[in-house]
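The block underneath contains the structure these notes are about, expressed in structure tokens.
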Amino acid sequence: MRLTTAICILFLTTAPAIAQKSRPHHRIARPVPLPPSIYDCGRNVTLHLSAPDPTQGSLLLLELRSATQPVAEIKATWDNREIPFWQEPKLNEQSSDVWRALLGVDLELKPENYALTFTAKTESAEEIPCSAAIDVKEGKFATESLKVAPNFVEPNPEQLARAEAERQRLRAIFATITPERLWNGTFHYPLAGVTTGGNFGKRRILNGKAGSPHGGVDFPAPAGAPVYAAQRGRVVLAEPLYFSGNTVVLDHGLGLYTFYAHFESISVQPGDLVDTGALLGKVGATGRVTGPHLHWAATVNRARTNPLQLISLPL
């Protein structure tokens, strides 16, 4: 439920039966409703959403602010998933306590209203419950037809078994939530000088057969172009996969992963902690592709989201 905390103050003046001069009327202070992206949780705690009505595949930034009570812990749930928060450093002793979280809206999440519920626990052990309604809208995604090698549409039993094993492995990786935030600051484009990419969410018809929606952004680039880490993170996968070819996955902590595919060559190894801008490999045309390019994706708490929104959010 969205609440408002504006106070209406009304001053009444009563004129005497006989008055030399009429007294001025005081204005009535009207309640000012909060914007739809802000929820009042009471006790000087507010929740701010970067977008109140996201579409499928969107990425939201949540911000909880406590003006008077330091917050020690936040437990939040959305779409049956726990949403991890991190605490921002205070600017000064008088500034509010600020906690943030990323909320991913999966590419194929059913468009309807979902409740975000959480409890903020103060340093004095007081619990402040709150909830917000997030109305997910249908995404507008195009459809395209592509011709690829037949084995990528109808794999043989051995190839199918390999692809399924890799899919399960990736699911296990994305389901793992590293409890610390590894990234530091805003995210960057993974290619130098390339700031436009497309195809996110496209429904694809492969050799006449419907395929799964495209879960990342494709950047046009020549073979051999260097690919860089969009932000600081740990390499959790660096190897060839059946569909995505030579692939690198970075764990940025708190359930956020970025995925880089179709490399010609890979320059990192699993376990490496890389900084923003570190060389990950070179653009190629391995896996299920029609030509050289970089496929870049982002997964947030197992939700497939548009990675370009990572760049636009003030992280």
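Structure notes:
- Its alpha carbons considered, the range 222-315 gives a radius of gyration followed by a Dmax of 12.4, 35 Å.
- Considering only GLN269, PHE141, SER66, and ranking their Cα positions along the charge dipole of the chain that arises from unit charges at the beta-carbon of Lys, Arg, Asp and Glu, the one farthest toward the positive end is PHE141.
- Cα gyration tensor shape of the chain, rounded if a/c is under 1.5, else prolate or oblate by comparing a/b with b/c: prolate
- Using Cβ point charges alone (K and R +1, D and E -1), the dipole size of the range 122-226 about the Cα centre works out to roughly 660 debye.
- In the chain, a dipole from Cβ-located charges (positive for Lys and Arg, negative for Asp and Glu) runs towards its positive end, and of PHE174, SER50, LEU310 it is SER50 whose Cα lies farthest in that direction.
- Take every pair of alpha-carbon atoms less than 8 Å apart whose residues are at least six positions apart; their mean separation over the length of the range 156-315 yields a relative contact order of 27 percent.
- Choice from HIS262, HIS295, HIS188 with maximal GNM fluctuation in the chain (Cα, 10 Å cutoff): HIS188
- Note on GLU126 and THR195: the model spin-label points, each 7 Å out from Cα along the C-beta direction, lie 4.6 nm apart.
- The length gained by stretching the chain between LYS75 and LYS137 to full extension, at 0.36 nm per residue less their Cα-Cα distance, is 19.8 nm.
- Using alpha carbons only: equivalent-ellipsoid semi-axes of the range 38-154, gyration tensor based, whole Å: 37, 14, 13
- Within straight-line reach of LYS209, meaning a Cα separation under 20 Å, sit the following lysines at least 8 residues removed in sequence or on another chain: LYS147.
- Most mobile listed residue (GLN269, GLN168, GLN87) in the chain, GNM with C-alpha springs under 10 Å: GLN168
- Share of carbon and sulfur in the accessible heavy-atom surface of the chain [1.4 Å probe, %]: 52 percent
- Over the chain, accessible surface divided per residue gives 53 Å², non-protein components excluded, 1.4 Å probe.
- Modelled label positions at ALA210 and VAL153, each set 7 Å beyond Cα in the direction of Cβ, lie 1.6 nm from each other.
- Between the helical axis of 157-174 and the longest alpha-carbon principal axis of the chain there is an angle of about 30 degrees.
- Cβ-placed point charges (K, R +1; D, E -1), dipole of the range 210-315 about Cα centre in debye, nearest 20: 200 debye
- Solvent-free Debye calculation, one equal scatterer per alpha-carbon of the range 68-125: log10 I(q)/I(0) at 0.21, 0.28 Å⁻¹ equals -0.86, -1.21.
- Highest-fluctuation residue, LEU160, LEU294, LEU47 considered, GNM on the chain with Cα pairs under 10 Å: LEU160
The values are calculated or read from the model by the stated rules, or taken from the named source; none is laboratory data. The model shown is predicted, which means the values in this text are computed figures rather than measured ones. Using ideal geometry, Cβ is built from the backbone for each residue, glycine included, and neighbour counts are taken over all protein chains shown. Ligands, DNA and RNA are stripped out before the accessible areas are found, and what is left, the full protein with its side chains, is counted by its heavy atoms. Shrake-Rupley method; radii C 1.70, N 1.55, O 1.52, S 1.80 Å.
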